[in-house]
Every structure is written in C-alpha cells, then in structure tokens.
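These notes are about the structure you will find just below.
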Amino acid sequence: MKLGIPAVLCVLSATFLLAGVRPVGAADQPVLLVTLSSVDELLGDFGYLAEAVGFPQAGQMGTMMAGQYVQGLDTSRPAGFLVKSDGEELKPIGILPITDLKVFLRTFEPQLGAPEDAGDGILELAGPQAFYVKEQGEWAYVAQAVEDLANLPNDPTKSLQGLSKSYDIAVRGFVQNIPQ
C-alpha cells in the first residue's frame, strides 16, 4: 500500500505542476485519464512479482509499510485522476475512494499541515502549493482550485471508464480534445 498511495500522490503532483501549461484542450473536455487498480489489487500484484523474483519478503514488507498510508481509503476500489481543459489551462482532478477522509488526511498532516475549511464542504491543504479536497459520496476529489470541485459526480466510476478492471495502471489520452 505504501507503494500505491505515494505513487498516486507523485502522479497527482506531477499533473499539478503541468497544470500551468497553456493552451491544451478544448473547453471543459477531458484530455487525459489515469486510473489505478485498487490498493488491494496493486499490493497483490506487487507480492506476486516479489515472489516471482525470489524475494517474497519485499511483498510482505510493502504491505505492512503501506498500512499507515491507506488509513481512511477504501482499498478495494480504484483511484485515478482526470485532466480537463477549459481551453486555457489544464485542470487535474484527483479521485480517491474514501471511507474516512479525516483519517486519511491526518496521515499527511506532518507534510501538508492540518486541513482548513474553505467553505461548501471543501478543505484547503497547504502543501508546497495549496490544493483543495472535497468529499462527495464515498469519494474524495482533489483539485488546484475550489471552482474545479463544482458539479462532481457522487460516483466517478463511469469517469474512470472501467480501466482498472483490466489494468493496474492505465493512461488514456483524448487526442480528439486537443486543439490543432
């Protein structure tokens, strides 16, 4: 699990850094979708690979160490992020399956500080660059701007397009949404 969550956070961070690039996509259209299998699936596959190369202890150690980073997450459901474009900026939105958002965020308080109420059920986290989290249904959405957290679905599994059923990590680009 330690391998899954830090990887998700790294991918989200890289996407946030790229978010200032202009112009990229057609207005309000998805440009990129990244999905990750559930933490349970990822750890199972990691354990299998560790055993296949003759080092099963690595899989067991990874599972034990990951436990501290996935508290508050639903480890049986996929995660991912969607990058949309308004025609001028990229707008990445992280999607995390949550059982208890406060417990999950408490894990990262030493790095990000305590979340602050930004109104309308949105929490602001400082980090190297401020970002916002909103819990809706059994999911948490992460974005760079409060306005990017408007009109979110209660269940984003349709947005994730079922890719996690076939792939541990999947990347889908929407080339048709990139303007000439």
Distance in Å, no decimals, from the C-alpha centre of region 154-180 to the one of region 36-60 is 24
Add +1 for every Lys or Arg and -1 for every Asp or Glu among the other residues with Cβ under 12 Å from the Cβ of PHE81, and state the total.
+2
So who's got an amide H within less than 5 Å of the one on ARG77, skipping anything under 5 residues away but keeping other chains? H placed 1.01 Å off N, in plane.
VAL39
Give the accessible area for PHE46 in Å² (nearest 10); use a 1.4 Å probe, count only protein heavy atoms, and leave out ligands, DNA and RNA.
70
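Which FRET efficiency value, to the nearest 0.05, is calculated for THR99 and SER159 with the Förster distance at 22 angstrom and r the Cβ-Cβ distance? It would help to have the intermediate numbers written out before the result.
Details: r = 20 Å, r/R0 = 0.90.
About 0.65, to the nearest 0.05.
Net charge within 13 Å of TYR141 by Cβ-Cβ distance, Lys/Arg positive one each and Asp/Glu negative one each, not counting TYR141 itself?
Value of the local net charge: -3.
Where nothing but the Cβ of Lys and Arg (+1) and of Asp and Glu (-1) is charged, how large is the charge dipole of region 49-156 around its Cα centre, in debye to the nearest 20?
Magnitude of the dipole: close to 400 debye.
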The size of the Cβ-based charge dipole (Lys, Arg +1; Asp, Glu -1) of region 112-173 about the Cα centre, to the nearest 20 debye, is 420
Mind running the shape call on region 106-167? Use the C-alpha gyration tensor, a ≥ b ≥ c as the square roots of the eigenvalues: rounded below 1.5 for a/c, prolate if a/b tops b/c, oblate otherwise.
prolate
To the nearest 20 debye, what charge dipole does region 91-145 have about its Cα centre, counting +1 at the Cβ of each Lys and Arg and -1 at the Cβ of each Asp and Glu?
180
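The values are calculated or read from the model by the stated rules, or taken from the named source; none is laboratory data. A quick note: this is a predicted structure, and the numbers were derived from the prediction, not measured. Glycine also receives a Cβ, built like all others from the backbone with ideal geometry; neighbour counts cover every protein chain displayed. Heads up: the accessible areas ignore ligands, DNA and RNA and are worked out on the full protein's heavy atoms, side chains in. Shrake-Rupley method; radii C 1.70, N 1.55, O 1.52, S 1.80 Å.
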